[in-house]
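In what follows, a single structure is set out as structure tokens and then discussed.
Taken together, the values in this text are just the output of simple stated rules run on the coordinates, not laboratory data. In this text, all values refer to a predicted model and were calculated from it rather than measured experimentally. Heads up, the Cβs are rebuilt from the backbone with ideal geometry, glycines too, and the neighbour counts pull from every protein chain shown.
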Amino acid sequence: QVQLVESGGGLVQPGGSLKLACSASGSRFNLYGMSWFRQAPGKQRVLVAGISSGGNTNYADSVKGRFTISRDNAKNTVYLQMNTLEPEDTAVYYCATVVVGNVYWGQGTQVTVSS
């Protein structure tokens, strides 16, 4: 069982920045690949960014160059730095991981980009 808790969401103006954090339970965090997803109202949940246990990263085309995923294994935490935010980035953001074939999700954190 892995528990994930997101934080850092909020209301930000277009062009602004936010940094999300996702804290994970367990002692094997350094072995987990971690991902950030988002779900906008009325839309499907989609992958935003992922980071492997070795630190390799991948991004959705819509966020490349604006978002950065990183991890701190000493803190069991994965981050999503979001810059140059756009209204289209408004969504609930979830972190997720797959451990022994089981998918674990956090509860989500709301990000609203609006003037």
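Of note:
- Sparse packing (at most 13 other Cβ atoms within 10 Å of the Cβ) combined with a DSSP loop state is found for the following trypsin sites (Lys or Arg not before Pro) in segment 1-46: Arg28, Lys43.
- Of all the options Ala60, Ala24, Ala74, the one that moves most in a Gaussian network model of the chain with Cα springs shorter than 10 angstrom is Ala74.
- The Cβ shell under 13 Å around Ser62 holds other residues with a net charge of 0, Lys and Arg each +1, Asp and Glu each -1.
- The distance linking segment 33-73 with segment 1-24 is 12 Å (Cα centroid to Cα centroid, whole angstrom).
- Residues whose amide H lies under 5 Å from that of Gly33, counting only those 5 or more places away or on a different chain, are Ser53, Val98; hydrogens are built 1.01 Å from N in the peptide plane.
- Derived scalar couplings between HN and Hα for segment 58-63 equal 9, 9, 5, 4, 5, 10 Hz in order, rounded to whole Hz, by the Karplus curve 6.51 cos²θ - 1.76 cosθ + 1.60 (θ = phi - 60°), x for Gly and Pro.
- Residues whose amide H comes within less than 5 Å of that of Arg45, counting only those at least five positions distant or on another chain, are absent (H built at 1.01 Å from N in the peptide plane).
- Stretch gain in nm, segment Arg66-Ser115, where the contour uses 0.36 nm per residue and the Cα spacing is subtracted: 15.7 nm
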